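Only one structure is covered here, and it is reproduced in the block below.
The values are calculated or read from the model by the stated rules, or taken from the named source; none is laboratory data. Since the model is a prediction, treat every value here as computed from it, not as a measurement. Using ideal geometry, Cβ is built from the backbone for each residue, glycine included, and neighbour counts are taken over all protein chains shown. What goes into the accessible areas is simple: the full protein's heavy atoms, side chains included, and nothing from ligands, DNA or RNA. Shrake-Rupley method; radii C 1.70, N 1.55, O 1.52, S 1.80 Å.
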Protein chains: 2
Amino acid sequence: MTGEPQACSIARSLEIIGDRWTILILRDAFRGIRRFDELRRDLDIARPVLADRLRRLVDHGVLQKVQYQQHPPRSEYRLTPMGVELSPALVALMRWGDKYLSDGAPPTVLVHETCGNALEQGFWCPHCRQTFSPAEIASRPGPGAAVLTDELPTRGPRAHIH
Amino acid sequence: MTGEPQACSIARSLEIIGDRWTILILRDAFRGIRRFDELRRDLDIARPVLADRLRRLVDHGVLQKVQYQQHPPRSEYRLTPMGVELSPALVALMRWGDKYLSDGAPPTVLVHETCGNALEQGFWCPHCRQTFSPAEIASRPGPGAAVLTDELPTRGPRAHIH
DNA sequence: CGCCGTGGGTTCATGGAATGAACTGACTCA
DNA sequence: TGAGTCAGTTCATTCCATGAACCCACGGCG
């Protein structure tokens with residue numbers, strides 16, 4: 001996308017998946033839509049763009065092109081472990097959309113497979129053994145420390161995400 | 001962006017923030033970079049694009065334009081509660097980038113403000129009182145049920161994200 | 001055999017969006 | 001009076017997304 005390498009992990013991630021079509025392709029991969037023509041029909045995406053995005057995702061190791069039959073040769077694009085680990089990002093987007101952009105339909109429910117109860121996505125403190133909201137995140141002094149803050153600068157200096 | 005209204009929450013979210021620049025602008029807002037010229041310099045973004053993205057974000061209620069002084073009139077773009085709740089998505093992207101696209105630098109550490117310990121982001125089952133990996137998410141039967149799966153279709157039918 | 005249908009692409013002309021340089025305008029300060 | 005800063009807008013150029021058309025391997029059908 002851009003030329004120079006990015007210092008920030010978010011920026012680096014966006015080099016690969018920072019594109020509307022790319023994220024929709026990944027969403028469909030999670031939904032089980034993994035073949036070229038299925039994707040093209042479901043997303044109503046232009047063929048060259050789809051081919052380009054799939055190529056990019058394969059090149060970066062997010063998807064894997066697998067021939068699932070010969071005669072005729074047919075292949076599908078499967079999520080690699082790297083791709084599967086994008087699910088927290090997709091779930092976060094889904095939650096946000098459900099909360100703020102709902103059309104009135106019931107929100108999507110995800111459940112813990114082993115027990116069947118509805119699950120939450122959130123921040124979890126292993127020490128306190130509890131989840132908490134984004135507002136309770138703070139920086140840690142030292143290298144690599146960062147904070148996501150909604151506070152104003154005047155309320156006190158903070159470290160930053162980078 | 002597109003014309004027709006989207007049925008899927010992820011697609012609806014992407015209508016607003018499905019753009020590389022938009023996400024970088026939000027990242028900077030969390031980092032405390034909230035003024036037009038600060039953003040322009042930090043992101044090296046073209047002015048018209050920045051103006052357009054900020055306008056969109058304000059229109060959708062993600063950012064709020066606040067005049068923080070008169071004489072001379074200066075304003076900044078603050079995250080609304082709706083904007084703050086995008087942090088899980090940004091953190092997920094950061095985590096993913098840290099894990100798979102690292103340049104060797106130590107990953108960013110986020111800590112629980114009230115106790116100071118490093119926090120995790122993940123899926124949490126309030127019933128089992130434990131976190132778990134993306135692979136353990138399943139669908140729930142009924143309206144709005146969904147699943148994020150890395151499994152192959154042949155291993156069994158599933159509901160889908162929508 | 002001849003022909004149609006399907007899956008998975010590539011090529012190419014076009015339009016709309018991103019880019020960056022230049023300009024505007026309100027205000028401050030020396 | 002003039003230079004500097006912040007926050008944009010205007011405009012010409014460039015680039016990429018789009019969609020139509022085309023290609024090719026293969027299978028099925030009559």
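First compute the accessible area of region B:53-99 with a 1.4 Å probe, then give the percent of it belonging to carbon and sulfur atoms.
46 percent
When each copy gets a label point 7 Å from Cα toward the beta-carbon at B:Asp52, what are the spacings between them in nm, shortest first?
With the label placed 7 Å along Cα→Cβ, B:Asp52 yields 1.6 nm.
Output ³J(HN,Hα) for region B:69-75: one whole-Hz value per residue in order, computed from phi by the Karplus curve 6.51 cos²θ - 1.76 cosθ + 1.60 with θ = phi - 60°, and x for Gly and Pro.
6, 9, 6, x, x, 10, 10
Considering every residue in B:60-67, what mean count of other chain Cβ atoms within 10 Å of its Cβ is obtained?
Going residue by residue through B:60-67 and averaging, the value is 1.
In nm to one decimal, list the spacings between the B:Ala135 label point and its equivalents in the other copies, with label points set 7 Å along Cα to Cβ, shortest first.
Between copies, matching label points for B:Ala135 lie 3.8 nm apart.
Got the B:Pro72 label distances to the other copies yet, label 7 Å along Cα→Cβ, in nm, shortest first?
So the distances to the same position in the other copies read 6.5 nm.
Mind ordering A:50-61, B:42-53, A:82-93, B:78-89 by average Cβ neighbours within 10 Å, highest first?
Result, highest mean first: A:82-93, B:78-89, A:50-61, B:42-53.
Please compute how much accessible surface disappears when A pairs with B, both sides summed, using a 1.4 Å probe, and round it to the nearest 100 Å².
In total, this chain pair buries about 8700 Å².
How about region A:85-100: which of its residues lose at least 50 Å² of accessible area in the presence of all protein chains relative to their chain isolated, using a 1.4 Å probe?
Residues losing area: A:Glu85, A:Leu93, A:Met94, A:Trp96, A:Tyr100.
Let me check against my output: what whole-number percent is the relative contact order of region B:9-84, with C-alpha pairs under 8 Å and at least 6 apart?
27 percent
Quick check: pseudo-label points 7 Å beyond the Cα along Cα→Cβ at A:Arg55 and A:Ser133, how many nm apart are they?
Taking the simple label geometry, A:Arg55 and A:Ser133 are separated by 4.7 nm.
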